[in-house]
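S.K.: The structure that follows is given in the form of structure tokens.
The values are calculated or read from the model by the stated rules, or taken from the named source; none is laboratory data. Because the structure is predicted, anything quoted here is derived from the model rather than measured. Heads up, the Cβs are rebuilt from the backbone with ideal geometry, glycines too, and the neighbour counts pull from every protein chain shown.
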């Protein structure tokens, strides 16, 4: 079990009379991620609605802000209970055994045009033995070929671009890996979160994007950016790709400042709470059971 | 109420030892579309699984076929109960009033890159009064600028392509209209179906693709191809775009022949069953209630 | 006649042992643009080659710099002799009358995929009477639909992107206008230069990109960015699109600082030298004669 | 020396009152390709203009046809004098030694977006020793990864598409190889021609597209499609990519039938004329001298 405490500070200037916002910045509640406590502060006196989306399980904060400054502070402490499995015990599932709820994650999506990469993926990975090791090989392939460079991509950048340009940020690595998996008929999805323990090459703590692949009995975590520690991931939102899990969506004219993100991990031997660390085991925090 | 009877014949040659298929060819069951009877015949003796996907309500037929010929015949009779509303009574909903279940249909998807068209859509439609009439104007805009031409597009063609190339088939018209709506923050989705009463310019009866836009109190039907009769639509699948509602997905080497599709409508004055016809009213067959 | 004096300061840090450069920063010499004087200073003692490319007439400065700082200062004074023509006297040429040398400017190029925009261009401009006024209408169309925003595009941005995204800098405006002209079988090309008299909305003086269209008897200047004064343009390079006229191409690892550009105009009534000003006449500085 | 005799039959129905055509179907005349005789027949009595484009050396046949049937037959006999060189003697030229006339073939073009593939090309080929062998390796790489499949691509398909989709026809193979070469700062261009001796997998004799790369002292021929015999190539047109060498460009409404192409080779020991055959030597038919 890992205990993560994080804090997000957002600041906007609303330029219109009012502006609707939808945030996906609340820690997800899942069978493996328990919220110990959370706190939300908003400078404007306004009605907020917090909803959990039925399909994605994402928690959406919806509000309509008034003109002027809007600041939002959210902090939470979560316990993440990782299931660790030796990689060689994890199979890919044949199509016939995939749960129906998982099938949409075989489909192409905005940033993951897996329909176009079938020949490509077969050429590169078709000869490998199906299983966790093959997916790990895809993860490594992406990591080795794409360079991490802030500002090298933008909100329109898709996996096709990253495959060609070979440069991007964590969301681009994630999109390319997801696309290659789907092109091989392996369900894969996008997770937004905050990560503890990342390589300082990432810069200051920030939102992170990583990948979950459905194998054998659940969703397994992969980090194609290669700079983070999967056991240090705190889940915010889950979706087909980045289009589904923007941490903030604004419907109006707004000036935004860079979000401030902080995260820390806390050990507590008495409660069997350990620090996030690199592991040779496969890491899963979602068996997919809430979807049945 | 409209009564539609249709028949689909599919024929494949499976080239591998086995091949998994997922079909979305069963008539959808909704509050407004009742299945009177249906019949499925498959030439191979095999186990089929028919599942209704929780989120989309699509009915998926899953099976693993053996090498050789696979033929599937499906026929059904459905009653479609249209809600007809004068267009001038239908508002666009402000963001704050959109049901959570509808929010994913604001997101960009594989064939509908609405993130890129915001300036474009504002320039063309931003000055129009929000409401059904504005959406109808978007529908007309697409219809007037894009030419219907079979084979002019392919499975990779997206709304960006159609916006530029200005030629396509019904799915391309639908993708472009959906993209423009989402770019204006109006939820829109893709429906696959079979249509009765289409202009013979479409050729023989075939699968059709059309659009639903969420306004006021439900999903309203639009046909940007302009050649069909919305009251003659029978719903198969609903999704973000064509990536979600392929009528057949094969996971292996297969030769396919063109599907054969037939549809007829049946009048029955005694039961208040009428023939599909063009109407000046807005047509809806999904208030979205099953999603709550 | 207009007299323009300009100055370019470039500064690089060469990170490899040596690095080849090709610059297209010398004022072009044409029948209508006379170089009164020019001056080049380079901080490193090295061999430079100055060549005029036979086809494009562009003047290329080639050199191999050593590791470390490389600074280049170039200044020139040019006289530009504009041919001004009332727009209503300028016809589009039928294909059969186009000089052979002009035909490549009908072809699609890297940033100008005119092969894809034929239906689009016909829909928007096909009904207009051929001639200068139609081309001016294309220029206005681009100007009205695309917003000028620095950093909104990058070196990969093509006319297709600008058509969709509707935002960019002067080179993007130029690419879109060129593409629309070629799609209508009107030869169009890209010019890089420096402009005097631009709207301060452009920021400090900088390199500029504009369009030349072949009509009746020569290449006519258009400025789809709408913020500059065509009579204040000083020509550096001419090509199919921006791929042909980069002001600097480096073949190695280099850090570059922003180029510093200055330009001034000088009146001299005695010599009939006037200040650049907006005019209702069509402006041409290249009858295309050097190409015969 | 090789002697090739070929014949092209074209047939169109002009639907407008008149229609301009530009053909690039005449055998090129170069220092290494001599036209022994040629013959042109057109069914309509009309004025034709045959021009050699100064830059490309391509021979353009221009004409304006009347409404109705237009048939054109062109046949020619050419002698091609190949320069054969052992590959290990052929160096890549450093940038500083490239002739100015060759520099445009480093630029990105419509179908060859080499600006985007620099990281990609460096990753795959940057570690290889520069020279003919590295270019041959690029040629093999393309051949091994892309499948030949008629109709799998269309007139909009670019090297980016082929890199991703991994399927195409000879022009797509050529575009991808050209793009990879340019991304490594190796000048490369597109040649259209007719080929004798191709693998029947290509089907009947047809127009062919191949690549020339500028090395050491001239343009060397490569055939990334891998199915043809470079010594059997007869050159029609040379350009940056397919946009420059369409064998027929129509400016109006036309119905076209498939072109009929025939080619044969003729041995004549007395005159040292041999049959085209596969060779381990590098093949060149253009030292680039006409460009000085």
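S.K.: Residue under question is residue D:204, and the condition is that it be at pLDDT below 95 and more than 16 Å from residue D:25 (Cα to Cα); does it hold?
M.R.: yes
S.K.: Continuing with the same structure: Just checking, which of C:41, C:64 is over 30 Å from residue C:269 (Cα atoms), in contact with a helix residue (DSSP H, G or I) (Cβ under 7 Å, 6 or more places away or on another chain) and modelled with pLDDT of 95 or more?
M.R.: Just one listed residue meets the conditions, C:64.
S.K.: Do any strands (runs of 3 or more DSSP E) lying entirely in region D:210-279 carry at least 3 residues that are surrounded by 15 or more Cβ atoms within 10 Å (Cβ to Cβ), and which ones are they?
M.R.: The qualifying strands (runs of 3 or more DSSP E) are D:218-222, D:233-239, D:248-251, D:260-265.
S.K.: State all residues of region C:45-69 that are surrounded by fewer than 16 Cβ atoms within 10 Å (Cβ to Cβ) and either more than 23 Å from residue C:212 (Cβ to Cβ) or in contact (Cβ under 8 Å) with a residue 40 or more places away in the chain (or both); if no residue qualifies, say none.
M.R.: C:45, C:46, C:47, C:48, C:49, C:50, C:66, C:67, C:68, C:69
S.K.: Additional query: Is it true that residue B:226 is in the same structural domain as residue B:169 (by TED's automatic domain parsing) and either more than 23 Å from residue B:32 (Cα to Cα) or at pLDDT below 95 (or both)?
M.R.: yes
S.K.: Moving to a separate point now. Counting only residues that are outside any helix (DSSP H, G or I), more than 25 Å from residue D:106 (Cβ to Cβ) and either touching a residue at least 24 places away in the same chain (Cβ under 8 Å) or under 22 Å from the mean Cα position of the chain (by Cα) (or both), how many does region C:88-117 have?
M.R.: 7
S.K.: Condition first: in a loop (DSSP other than H, G, I, E, B) and within 14 Å of chain D (Cβ to nearest Cβ). Can you find one or more residues in region C:62-84 that meet it?
M.R.: The answer is no, given that none of the residues of region C:62-84 is in a loop (DSSP other than H, G, I, E, B) and within 14 Å of chain D (Cβ to nearest Cβ).
S.K.: Is there a residue in region B:260-272 that is over 23 Å from residue B:5 (Cβ atoms), under 17 Å from the mean Cα position of the chain (by Cα) and modelled with pLDDT of 95 or more?
M.R.: Checked against the condition, which is being over 23 Å from residue B:5 (Cβ atoms), under 17 Å from the mean Cα position of the chain (by Cα) and modelled with pLDDT of 95 or more, region B:260-272 yields no hits at all.
S.K.: Could you figure out which of (1) in contact with a helix residue (DSSP H, G or I) (Cβ under 8 Å, 6 or more places away or on another chain); (2) under 23 Å from residue B:180 (Cα atoms) isn't true of residue B:95?
M.R.: Of (1) in contact with a helix residue (DSSP H, G or I) (Cβ under 8 Å, 6 or more places away or on another chain); (2) under 23 Å from residue B:180 (Cα atoms), only one is false for residue B:95: (1).
S.K.: Still on this structure, I have one more. Taking the condition of being part of a strand (DSSP E or B) and out of contact with any helix residue (DSSP H, G or I) (no Cβ under 7 Å at 6 or more places or on another chain), how many residues in region D:280-292 meet it?
M.R.: 3
S.K.: Right, next: Among the residues in region C:195-202, are any buried (at least 17 other Cβ atoms within 10 Å of the Cβ), closer than 19 Å to residue C:74 by Cα and in contact with a strand residue (DSSP E or B) (Cβ under 8 Å, 6 or more places away or on another chain)?
M.R.: yes
S.K.: I'm told residue A:154 meets every condition in (1) within 13 Å of chain D (Cβ to nearest Cβ); (2) at pLDDT below 95 except one. Can you identify the failing condition by its number?
M.R.: Going through the list (1) within 13 Å of chain D (Cβ to nearest Cβ); (2) at pLDDT below 95, residue A:154 breaks only (1).
S.K.: Only one of B:161, B:172 is away from every other protein chain (no Cβ under 11 Å) and closer than 22 Å to residue C:161 by Cβ; which?
M.R.: B:172
S.K.: Among the residues of region A:2-23, is any modelled with pLDDT of 95 or more and outside any strand (DSSP E or B)?
M.R.: Looking for residues that are modelled with pLDDT of 95 or more and outside any strand (DSSP E or B), one finds none in region A:2-23, hence no.
S.K.: Quick test of your reading of the structure: residue B:128 fulfils all but one of (1) surrounded by 17 or more Cβ atoms within 10 Å (Cβ to Cβ); (2) more than 14 Å from chain A (Cβ to nearest Cβ). Name the failing condition by number.
M.R.: Of the numbered conditions (1) surrounded by 17 or more Cβ atoms within 10 Å (Cβ to Cβ); (2) more than 14 Å from chain A (Cβ to nearest Cβ), the odd one out for residue B:128 is (1).
S.K.: Right, here's the next one. Can you say whether residue B:109 is within 14 Å of chain C (Cβ to nearest Cβ) and more than 29 Å from residue B:5 (Cβ to Cβ), as far as the supplied structure shows?
M.R.: no
S.K.: Next question. Determine whether residue D:39 is within 14 Å of chain C (Cβ to nearest Cβ) and either at negative phi or part of a loop (DSSP other than H, G, I, E, B) (or both).
M.R.: no
S.K.: Among the residues of region B:85-101, which ones are exposed (fewer than 13 other Cβ atoms within 10 Å of the Cβ) and either within 11 Å of another protein chain (Cβ to nearest Cβ) or at positive phi (or both)?
M.R.: B:97
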